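**Student:** Next up is a structure, given as structure tokens.
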Amino acid sequence: MTKTERINSKVVFGKLTRIKHFVFSVLTILIMAISSVSYGGPAYENPSNSRPAYDRQWYLGGGSGVSDPLFEGFDNGLRLDLYTGIEVSKQVSVEAGVIHLGEFDTAANNSLDISGATIALRGVNRVSQFSSLYMKLGILAWRTEPTLFLNGVQIDTGNKSGKSFWVGFGFGLHLGTHITIWSGVEHFSQVDDVDVNSYSGGLQFSF
């Protein structure tokens, strides 16, 4: 082997050594990164000592307001509701409740009472430390109880029941960590063939 060949061989060997060192370093970094992601923190951290990034909260709330049936001849009714829910993330909650949409009177002293149970998804967008906007999308399992009169005599009528979609949105004002004052509007679609708009406000307690 000539002197030139020996020099070239050393250069090639040196390059291969540097390449092997580089590849080994990259693989080491990748293994550490994968370990860190798998444990939700640094690779050396004991996962049993790590705390969850978000603690879910239960909440309980209620409110009252006015419901407006979008049907000619019906007066507005008093709305009352009670609900509970759990946060599944900082922005999304699942909630269920009971609601009395109202008793709606007519000029002929007839009336229609609507009540039911609700289930919904609620999305929250925090506007500031003290306020937020929310939107709800859900299903109402409703029951109607009509009261009808003919020539001053009450007629026996059957109750009806069914399911309808509803959507709502509103504003929340947060008084500390556990108390929220809210106000919103909701639209209930095809409750016994009648659409109902509801305007309400209330309190919510988180714990």
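**Student:** Taking the criterion of being touching a residue at least 60 places away in the same chain (Cβ under 8 Å), among the charged types (D, E, K, R) and surrounded by 13 or more Cβ atoms within 10 Å (Cβ to Cβ), would at least one residue in the range 129-137 satisfy it?
**Tutor:** No, there is no match, as no residue in the range 129-137 is touching a residue at least 60 places away in the same chain (Cβ under 8 Å), among the charged types (D, E, K, R) and surrounded by 13 or more Cβ atoms within 10 Å (Cβ to Cβ).
Let's see how each residue does on (1) open to solvent by 20 Å² or more (accessible area, probe 1.4 Å); (2) touching a Gly at 6+ places or on another chain (Cβ under 7 Å); (3) closer than 20 Å to LEU121 by Cα:
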position	(1), (2), (3)
GLY184	no, yes, yes
GLN190	yes, no, yes
ASN197	yes, no, yes
GLY201	yes, yes, yes
SER206	no, no, yes
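**Student:** Look at the range 176-196 and say how many of its residues are at pLDDT 95 or above and over 19 Å from HIS100 (Cβ atoms).
**Tutor:** Selection size over the range 176-196: 3.
**Student:** Among the numbered criteria (1) among the aliphatic types (A, V, I, L, M); (2) in contact with a Gly (Cβ under 7 Å, 6 or more places away or on another chain); (3) not in a strand (DSSP E or B), which one does ALA108 miss?
**Tutor:** Of everything listed in (1) among the aliphatic types (A, V, I, L, M); (2) in contact with a Gly (Cβ under 7 Å, 6 or more places away or on another chain); (3) not in a strand (DSSP E or B), ALA108 misses just condition (2).
**Student:** Quickly run through the range 145-172 and pick out the residues that are surrounded by 14 or more Cβ atoms within 10 Å (Cβ to Cβ) and either over 20 Å from TYR199 (Cα atoms) or touching a helix residue (DSSP H, G or I) at 6+ places or on another chain (Cβ under 9 Å) (or both).
**Tutor:** GLU145, PRO146, THR147, LEU148, LYS160, GLY162
**Student:** What number of residues in the range 167-180 are over 17 Å from the mean Cα position of the chain (by Cα) and among the β-branched types (Val, Ile, Thr)?
**Tutor:** So the answer is 2.
**Student:** Go through (1) in contact with a His (Cβ under 9 Å, 6 or more places away or on another chain); (2) in a strand (DSSP E or B); (3) modelled with pLDDT under 95 for PRO146 and report which single condition fails.
**Tutor:** Exception for PRO146: condition (1).
**Student:** Another question about this same structure. For the range 66-116, give me the residue count where each residue is open to solvent by less than 50 Å² (accessible area, probe 1.4 Å) and touching a strand residue (DSSP E or B) at 6+ places or on another chain (Cβ under 9 Å).
**Tutor:** The qualifying residues number 26.
The values are calculated or read from the model by the stated rules, or taken from the named source; none is laboratory data. What you see is a predicted model; the values in this text were computed from it and never measured. No Cβ is skipped: glycine too gets one built from the backbone with ideal geometry, and neighbour counts run over all protein chains shown. Please note that ligands, DNA and RNA were not included when accessible areas were found on the heavy atoms of the full protein model with its side chains. Shrake-Rupley method; radii C 1.70, N 1.55, O 1.52, S 1.80 Å.
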